[in-house]
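K.L.:
Handing you a structure now.
The values are calculated or read from the model by the stated rules, or taken from the named source; none is laboratory data. All values derive from a computational prediction rather than experimental measurement. As a convention, Cβ positions derive from the backbone with ideal geometry for all residues, glycine included, and neighbour counts pool all protein chains shown.
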Amino acid sequence: MAKFVPSLTPTHLAFIAEQKIYFTASAPHHGRVNLSPKGMDTFRVLSTTCVGYLDVTGSGNETAAHLLENGRITLMMCSFTTSPLIFRIYGRGRAVHLGETDWSQLRPLFGPPLPGERQLIIVDIESIQTSCGFGVPFFNYTGERTTLIDYAVKKGPEGMAAYRTEKNQRSIDGLPTGLPVSSP
């Protein structure tokens, strides 16, 4: 049976620290649901009621568009080793961009700079749900892919800014993402 709680516990914090992958889900009021896998040690717990992740430039910017429209987001982690568990964070999120007031305070909390970083996604937790995860298979972690970082390094800051201007200003459903046009 699923259990809901309003904030992170020490047990949750230990589980989060072990995870190598997490998933984000968001949706506009009308349009496609977005579900994305994330990794690269970009997830951070900011308090027992707030989490976030460093978002690196990708082919789309759906999460930012959906958060700008309605703020709803779900984050999920699941155990692929030892004890089975599915862990979901339901919350209200927002994107924080370079140059915004919160950027200078929040960005240092997310580790060293990553080539191609685009924005921070900050989530205020509304509830947390855990469930069994008995049907999740075992998988072994063998390492991070470097493809996205290699791509960003090859394009350089100006190339990535141009890419974001061309590809990350609107969602696939045509919604604005809120990403500043010149964010190198």
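K.L.:
Out of everything in the stretch 144-165 that is of a type in the set (S, T, N, Q) and part of a helix (DSSP H, G or I), what residue ends up being nearest to PRO37 (Cα to Cα)?
P.N.:
This residue is THR147.
K.L.:
Would you confirm whether any residue within the stretch 130-139 is outside any helix (DSSP H, G or I), in contact with a helix residue (DSSP H, G or I) (Cβ under 7 Å, 6 or more places away or on another chain) and not charged (D, E, K, R)?
P.N.:
Checked against the condition, which is being outside any helix (DSSP H, G or I), in contact with a helix residue (DSSP H, G or I) (Cβ under 7 Å, 6 or more places away or on another chain) and not charged (D, E, K, R), the stretch 130-139 yields no hits at all.
K.L.:
Out of the residues in the stretch 162-184 that are of a type in the set (A, V, I, L, M) and under 20 Å from the mean Cα position of the chain (by Cα), state the one that is surrounded by the most Cβ atoms within 10 Å (Cβ to Cβ).
P.N.:
Step by step, filter the stretch 162-184, then rank; the result is LEU179.
K.L.:
Taking the stretch 22-40 only, how many residues are over 17 Å from LEU68 (Cβ atoms), surrounded by 15 or more Cβ atoms within 10 Å (Cβ to Cβ) and touching a residue at least 24 places away in the same chain (Cβ under 8 Å)?
P.N.:
Within the stretch 22-40, residues that are over 17 Å from LEU68 (Cβ atoms), surrounded by 15 or more Cβ atoms within 10 Å (Cβ to Cβ) and touching a residue at least 24 places away in the same chain (Cβ under 8 Å) number 3.
K.L.:
Just to verify a result, which residue in the stretch 49-91, among those that are surrounded by fewer than 16 Cβ atoms within 10 Å (Cβ to Cβ) and of a type in the set (Ser, Thr, Tyr), is farthest from THR130 (Cα to Cα)?
P.N.:
Filtering first and then ranking leaves SER59.
K.L.:
Name the residue that is farthest from HIS12 (Cα to Cα), counting only residues in the stretch 134-152 that are surrounded by 15 or more Cβ atoms within 10 Å (Cβ to Cβ) and not aromatic (Phe, Trp, Tyr).
P.N.:
In this case the residue turns out to be ALA152.
K.L.:
Being part of a strand (DSSP E or B), of a type outside the set (Gly, Ala, Ser) and either more than 23 Å from ILE149 (Cα to Cα) or in contact with a Pro (Cβ under 9 Å, 6 or more places away or on another chain) (or both) narrows it down to one of PHE4, PHE15, so name that one.
P.N.:
It is PHE4.
K.L.:
Another question about this same structure. Could you please let me know if ILE128 is surrounded by 13 or more Cβ atoms within 10 Å (Cβ to Cβ) and closer than 30 Å to SER79 by Cβ?
P.N.:
yes
K.L.:
Still on this structure, please answer the following. Filter the stretch 1-12 for residues that are of a type in the set (A, V, I, L, M, F, W, C) and either in contact with a Leu (Cβ under 7 Å, 6 or more places away or on another chain) or surrounded by 12 or more Cβ atoms within 10 Å (Cβ to Cβ) (or both) and give the result.
P.N.:
Residues satisfying the conditions are VAL5, LEU8.
K.L.:
Kindly indicate which of VAL45, VAL51 is assigned to a strand (DSSP E or B), of a type in the set (Val, Ile, Thr), out of contact with any helix residue (DSSP H, G or I) (no Cβ under 7 Å at 6 or more places or on another chain) and modelled with pLDDT of 95 or more.
P.N.:
Of the residues listed, the single one that is assigned to a strand (DSSP E or B), of a type in the set (Val, Ile, Thr), out of contact with any helix residue (DSSP H, G or I) (no Cβ under 7 Å at 6 or more places or on another chain) and modelled with pLDDT of 95 or more is VAL51.
K.L.:
Within the stretch 5-15, can one find any residue that is within 12 Å of the chain's Cα centre (by Cα) and modelled with pLDDT of 95 or more?
P.N.:
no
K.L.:
Checking the structure you have, find out if any residue of the stretch 106-115 is modelled with pLDDT of 95 or more, among the aliphatic types (A, V, I, L, M), within 24 Å of ALA2 (Cβ to Cβ) and surrounded by 14 or more Cβ atoms within 10 Å (Cβ to Cβ).
P.N.:
no
K.L.:
Oh, and also: Which of the residues belonging to the stretch 74-118 are under 23 Å from SER26 (Cα atoms), assigned to a helix (DSSP H, G or I) and over 13 Å from the mean Cα position of the chain (by Cα)?
P.N.:
Answer for the stretch 74-118, where residues must be under 23 Å from SER26 (Cα atoms), assigned to a helix (DSSP H, G or I) and over 13 Å from the mean Cα position of the chain (by Cα): ASP102, TRP103, LEU106, ARG107.
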